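First up is the structure itself, then whatever we jot down about it.
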Amino acid sequence: MNKSASLITCGLLVFLALHFVVGSRKEKDAKFKVRINENGTRFSEKVKINEKENTVRFVVPKHNDFDRSEVLNEFNLNLTITRLPDVGVCYIKPLDKSLPSPRKMKSDMKYVKRMRTQISKPETVVTTSEWTPDKKLEPKQLHPTVVKFCAGLPVYRLKEITKDNWEIEENKKSDNDTTTRTKRRSYYDVCGNQQNRVLPCPDNTWRLICYYANVGRSCVYWVKCRHPGYGYSTSVSVNSRCTFHHNRSSTRCCKFACPWWYG
């Protein structure tokens, strides 16, 4: 995946205090409240982990440049579903394979709560990814879990933005049987449906124009630890056992354009 990541000292960006509420053992359900100070903006993220359903759910209020969001990591479906109530849209994308399982995440969150007085300067990995709507999906195409979570909002499948995100189609000319290669845009542009538009300029001069619009920015915080409960060495200092992760996701509108249109 085309992501950018940076490593910073947690105290420079965010302070987290975990408050843990456990449900019944039968449900294997756990709830956490993560208090965050992000560049001077204070808010609380709610995290619900359900081992039985194999899901992790985040509820994050609007803050700074990010929209209010509900994010469901569905490990059985290998999907991340993001609901943006204020924007009025729901997105699905592939589950990030680097995410810990619900069981591991619950264990790590509990560990941080228990050891937080000994973790003075934890590191935070900030990961940024950009996506564009690839296709609008009809309810009949969706798993019931997606339909229920999105609660009537339009659902778009996302595609990560990379420099190579286009398709090449080959068309045969019947007159001289030569092949012409035509690049067609592979994006579904939620800001204006121009899918498969053919441009009046050579394809080797095309420019990919991506721009922010009111189509959604979200972020979540979570923690990943190497603690003795999962077989890691006790010789590792408590302060270096856990890393906080700040995953930021932006949805942008993209289109191909001829160079003279934008100078």
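The values are calculated or read from the model by the stated rules, or taken from the named source; none is laboratory data. Treat the numbers as computed from the prediction; the structure is a model and nothing was measured. Cβ placement follows ideal geometry from the backbone for every residue including glycine, while neighbour counts extend to all protein chains displayed.
Summary of computed values
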quantity: Matching option when the condition is acidic (Asp, Glu), assigned to a strand (DSSP E or B) and either over 30 Å from Leu208 (Cβ atoms) or modelled with pLDDT under 85 (or both), among Glu130, Glu167; calculated: Glu167
quantity: Filtered residue count, the range 103-125, keeping only those that are assigned to a strand (DSSP E or B), touching a helix residue (DSSP H, G or I) at 6+ places or on another chain (Cβ under 9 Å) and either surrounded by fewer than 18 Cβ atoms within 10 Å (Cβ to Cβ) or modelled with pLDDT of 90 or more (or both); calculated: 1
quantity: Contacts under 7 angstrom Cβ, first residue in the range 75-99 being at negative phi, partner among the polar types (S, T, N, Q) and assigned to a loop (DSSP other than H, G, I, E, B), 6 or more apart; calculated: Phe75/Asn54; Phe75/Ser101; Asn76/Asn54; Pro94/Asn78; Leu95/Asn78
quantity: Flag for Phe15 being in contact with a helix residue (DSSP H, G or I) (Cβ under 8 Å, 6 or more places away or on another chain), modelled with pLDDT under 95, surrounded by fewer than 16 Cβ atoms within 10 Å (Cβ to Cβ) and of a type in the set (Phe, Trp, Tyr); calculated: no
quantity: Total residues in the range 68-102, condition touching a Gly at 6+ places or on another chain (Cβ under 6 Å) and either small (Gly, Ala, Ser) or in a loop (DSSP other than H, G, I, E, B) (or both); calculated: 1
quantity: Thr82, sole failed condition from (1) under 30 Å from Ala257 (Cα atoms); (2) over 21 Å from the mean Cα position of the chain (by Cα); (3) modelled with pLDDT of 90 or more; (4) surrounded by 11 or more Cβ atoms within 10 Å (Cβ to Cβ); calculated: (2)
quantity: Subset of the range 29-45 [outside any strand (DSSP E or B) and in contact (Cβ under 8 Å) with a residue 12 or more places away in the chain]; calculated: Asn39
quantity: Neighbours by Cβ (under 8 Å, 6+ apart or cross-chain): first from the range 49-67, in contact (Cβ under 8 Å) with a residue 60 or more places away in the chain and assigned to a loop (DSSP other than H, G, I, E, B); second surrounded by fewer than 17 Cβ atoms within 10 Å (Cβ to Cβ) and not β-branched (Val, Ile, Thr); calculated: Asp67/Asp86
quantity: Qualifying residue in the range 142-151 (condition: in contact with a Gly (Cβ under 8 Å, 6 or more places away or on another chain), aliphatic (A, V, I, L, M), under 26 Å from Asn54 (Cβ atoms) and at pLDDT 90 or above); calculated: no
